[in-house]
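Asker: One structure, as C-alpha cells, below. Some questions next.
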Amino acid sequence: MDIFQKCRDFTEADEARTSGYYPYFTVIHSESDSKVSVDGRELVMLGSNNYLGLTTHPHVRERAAEALAKYGTSCTGSRLLNGNLDIHEELEHRLAAFVGKPSALVFSTGFGTNLGTISAIVGRHDTAVIDKDDHASIYDGCKLSYGKVIRFEHNDIASLEEALVSAIERNGDGGVLVVVDGVFSMEGDIAPLPEMIPLCRRYGARLMVDDAHASGVLGPGGEGTAAHFGVTGDVDIIMGTFSKSFASLGGFIAADAKVIDYIKHNSRPFIFSAAMAPPSVGACLGALDVMESEPEHRLRLWKIVDRMQSEYRRLGFDTGASTTPVIPIILGEERLVFEFWRRLLDAGVFVNPVRPPAVPQGRALLRTSYMATHTDEQMDLVLTAFERIGRELGVIGS
Ligand SMILES: Cc1ncc(COP(=O)(O)O)c(C=O)c1O
C-alpha cells in the first residue's frame with residue numbers, strides 16, 4: 001500500500017473548512033496581546049498563554065533586541081559543541097535561583113524539554129508513572145524512553161498509590177519517576193503535590209512537575225506550583241516552558257546539580273538539537289527581570305482570574321475544578337463546542353475549542369485563558385457574549 005494513502009483518506013479538515021467550522025491555524029496579523037487582528041477585525045484574545053502579558057513589555061522586547069544585536073539570529077548548533085553562549089548559562093543560573101533549585105538546564109522548546117528529560121532519566125528497567133491528563137510531551141517523553149509507563153486517574157491519590165505499588169512489583173531493581181502537570185493545561189486545575197509527595201517518598205519514587213502553566217503565575221513570586229504549596233525541596237525536577245509567561249520560546253528543568261549534569265550529557269533531544277536562539281534567551285532574561293521586580297503583572301492577572309472565575313460560575317457555566325488563569329467552559333458535546341466557538345468569534349472573542357483526545361471523551365470544552373494586559377472593558381464584552389450565547393444555545397438558564 002502507498003504510505004501516503006492515509007493522507008488522501010484524511011478528509012476531516014476539508015469537511016470542517018467547507019462547513020465554516022474550522023478553528024485551526026487562524027491567521028493573526030498583529031502582535032500577540034490581549035487583542036489580536038484577524039481578517040481585518042479586532043478580537044479579544046482568550047486563547048493565549050501569555051499570562052503576564054509580557055510579549056509586548058518594553059523591557060522584554062529590549063533584552064530580546066540586545067541579544068539579537070550582540071549574538072545574531074541563531075547559534076547554528078548544539079550547546080554541547082558550538083552553541084553554548086554566556087547568556088544560556090546566565091539564564092540557567094537565574095532560573096535555578098528563581099525556582100529555588102541548585103542547578104538548571106535550558107532547552108530550545110518546552111516539548112523538547114519533556115522529551116529530553118524523561119527519556120534521559122527513565123531507562124530500560126525504570127517506570128514512569130504519569131497522570132492520565134498529562135501533556136502530550138510527557139506521554140511522548142515516556143514513549144521515547146525505554147522504560148515502562150503506568151497511568152493513574154487524574155489527580156486521584158488512591159490511583160497514584162495503586163500505580164506506585166504496581167510499578168514497584170514489576171520493577172525489580174529499576175527506579176520510578178512520577179510526572180505530573182502542576183497546572184493542567186486544558187482544565188486549569190492544580191496537582192495536589194502535598195498529598196503526592198509522601199506517597200512518592202514511601203515508594204522511593206522521584207517527582208517531576210511540569211510548570212508550563214504555573215511559572216510566573218503560582219507561588220508568592222511566580223516561582224511555580226511547588227512554591228505555591230511550599231514544597232520546593234520535595235519536588236525533584238521542576239520543569240517549565242518559556243512559551244507562556246516568559247513570553248519567549250524554549251523550556252527548562254531545575255534540579256540537583258548531578259541530575260542536571262547527567263541529563264546534559266545523556267539527553268538525545270538536548271544534545272542533537274540546536275541551542276535556544278539568542279533573541280529567545282534575551283526575552284527570557286527580560287521576563288525574569290520583570291517577574292522579579294514588577295509583581296503588579298501577576299497581581300493584575302489574579303484580579304482578572306478571580307472576577308472571571310466567579311462570573312462564569314454565577315452565570316451557571318461548568319468551569320470544572322479550575323482555580324487558575326486557565327478557565328475551561330465544559331460543554332461536553334463537540335458540536336455544541338464548535339457552535340459556541342463560532343458564535344463567540346462573530347461576537348469578537350477568540351477562544352480555543354478543545355475536543356478529545358486533548359480532553360477525555362464527553363468533556364469537550366472551550367478553553368479560555370487570561371492575561372495581565374486584559375482590560376476590564378474587554379472582560380465585560382467577553383461576559384456579555386458568553387451570557388448571550390450560553391442562553392441562545394441552552395447551556396445556561398435564562
Ligand atoms: C503542560 C505543557 N507542557 C509542555 C508544553 C510544551 O511547551 P512548548 O509549547 O513551549 O514547547 C506545553 C505547551 O503547550 C504544555 O502545556
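Where a number appears in this text, it was derived from the coordinates with a stated rule and is not lab data. Bear in mind that the values here come from a model prediction, so they are computed numbers and not experimental data. Here Cβ is always computed from backbone atoms with ideal geometry, including for glycine, and neighbour counts include all displayed protein chains.
Asker: For region 80-88, take each phi angle, set θ = phi - 60°, evaluate the Karplus expression 6.51 cos²θ - 1.76 cosθ + 1.60, and give the result in whole Hz per residue in order, putting x for glycine and proline.
Answerer: For region 80-88, the Karplus-derived couplings read 4, 10, 10, x, 8, 9, 4, 6, 4 Hz, x marking Gly and Pro.
Asker: Enter the Cα centre distance for the pair region 71-108 and region 1-35, rounded to the nearest angstrom.
Answerer: That distance is 35 Å.
Asker: G77's amide H: which non-local residues (gap 5+, or another chain) put their own amide H closer than 5 Å, with H modeled 1.01 Å from N in plane and none for Pro or chain starts?
Answerer: Those qualifying (amide H under 5 Å, at least 5 residues apart or on another chain) are A275.
Asker: Among R94, R151, R201, which one shows the highest mean-square fluctuation when the chain is modelled as a Gaussian network with alpha-carbon springs under 10 Å?
Answerer: Taking springs between Cα atoms under 10 Å, the residue moving most is R201.
Asker: Report the relative contact order of the chain, percent, no decimals, based on alpha-carbon pairs under 8 angstrom and at least 6 residues apart. Can you show the working numbers first?
Answerer: Working: 804 pairs, mean separation 88.7, N = 398.
It rounds to 22 percent for the chain.
Asker: Can you give me the long-range amide H partners of V349? Hydrogens built in the peptide plane at 1.01 Å from N, cutoff under 5 Å, separation of 5 or more residues or another chain.
Answerer: Here the answer is V44, since their amide H atoms fall under 5 Å of that of V349.
Asker: Once phi is turned into θ = phi - 60°, what whole-Hz ³J(HN,Hα) does the Karplus curve with 6.51, -1.76 and 1.60 give for every residue of region 139-155, x standing for Gly and Pro?
Answerer: Each residue of region 139-155 in turn: 4, 6, x, 5, 4, 6, 7, 9, x, 8, 10, 10, 9, 10, 4, 3, 6 Hz.
Asker: Of the beta bridges DSSP finds with both residues in region 57-293, what % are antiparallel, to the nearest 5? Please list the in-between numbers first.
Answerer: Details: 10 of 27 bridges.
That works out to approximately 35 percent antiparallel.
Asker: Just the C-alpha atoms of region 342-392: what Rg/Rh do they give, with Rh taken as the Kirkwood radius?
Answerer: Values: Rg = 12.4 Å, Rh = 12.2 Å.
Radius of gyration over Kirkwood radius for region 342-392 works out to 1.02.
Asker: Which Cα, out of H57, I118, G216, lies furthest along the positive dipole direction of region 57-293 (beta carbon charges, K/R +1, D/E -1)?
Answerer: The Cα lying farthest towards the positive end belongs to I118.
Asker: Let me ask another. Most mobile of L144, L46, L207 per a Gaussian network model of the chain (Cα springs, under 10 Å)?
Answerer: Between L144, L46, L207, it is L144 that shows the largest mean-square fluctuation.
Asker: If you put +1 on each Lys and Arg Cβ and -1 on each Asp and Glu Cβ, how big is the dipole of region 57-293 around its Cα centre, in Debye rounded to 20?
Answerer: Result for region 57-293 is approximately 720 debye, rounded to the nearest 20.
Asker: Now for a different question. Translational diffusion coefficient, Stokes-Einstein: compute it for region 1-47 using the Kirkwood radius over C-alpha pairs as Rh, at 4 °C and 1.567 mPa s, and state it as an integer in µm² s⁻¹.
Answerer: Values: Rh = 13.1 Å.
My calculation gives 99 µm²/s for D.
Asker: Let me ask another. Given a cut-off of under 8 Å on Cα pairs at least six residues apart, what relative contact order in percent is computed for region 57-293?
Answerer: Values: 510 pairs, mean separation 75.5, N = 237.
This gives 32 percent for region 57-293.
Asker: State to the nearest 20 debye the size of the charge dipole of the chain about its Cα centre, where the only charges are +1 on K and R beta carbons and -1 on D and E beta carbons.
Answerer: Details: 38 positive and 53 negative charges, 91 e Å.
So the dipole magnitude of the chain works out to roughly 440 debye.
Asker: Order of 125-135, 382-392 by packing, highest average Cβ count within 10 Å first? Don't jump to the answer; show the numbers that get you there.
Answerer: Values: 125-135: 21.7, 382-392: 18.0.
Final packing ranking: 125-135, 382-392.
Asker: Over the chain, with a Gaussian network built from C-alpha contacts below 10 Å, which listed residue (D140, D33, D380) shows the highest mean-square fluctuation?
Answerer: D380
Asker: I've got another one for you. With θ set to phi - 60° and the Karplus curve 6.51 cos²θ - 1.76 cosθ + 1.60, what are the ³J(HN,Hα) couplings of region 121-135 in order, to the nearest whole Hz, using x for Gly and Pro?
Answerer: With the stated coefficients, region 121-135 comes to 7, 8, x, 3, 9, 9, 10, 9, 10, 10, 6, 4, 8, 4, 5 Hz.
Asker: Binning at 10 Å from 0, report for the chain what percent of all alpha-carbon pair distances ends up in each bin.
Answerer: 5, 22, 30, 26, 15, 2, 0
Asker: Modelled label-to-label distance, S166 and R313, 7 Å Cα→beta-carbon offset: nm?
Answerer: So the two model labels end up 3.4 nm from each other.
Asker: Moving on to the next point. Could you check what % of the DSSP bridge pairs in the chain are antiparallel, to the nearest 5?
Answerer: Working: 23 of 42 bridges.
Expressed as a percentage, antiparallel bridges in the chain total about 55.
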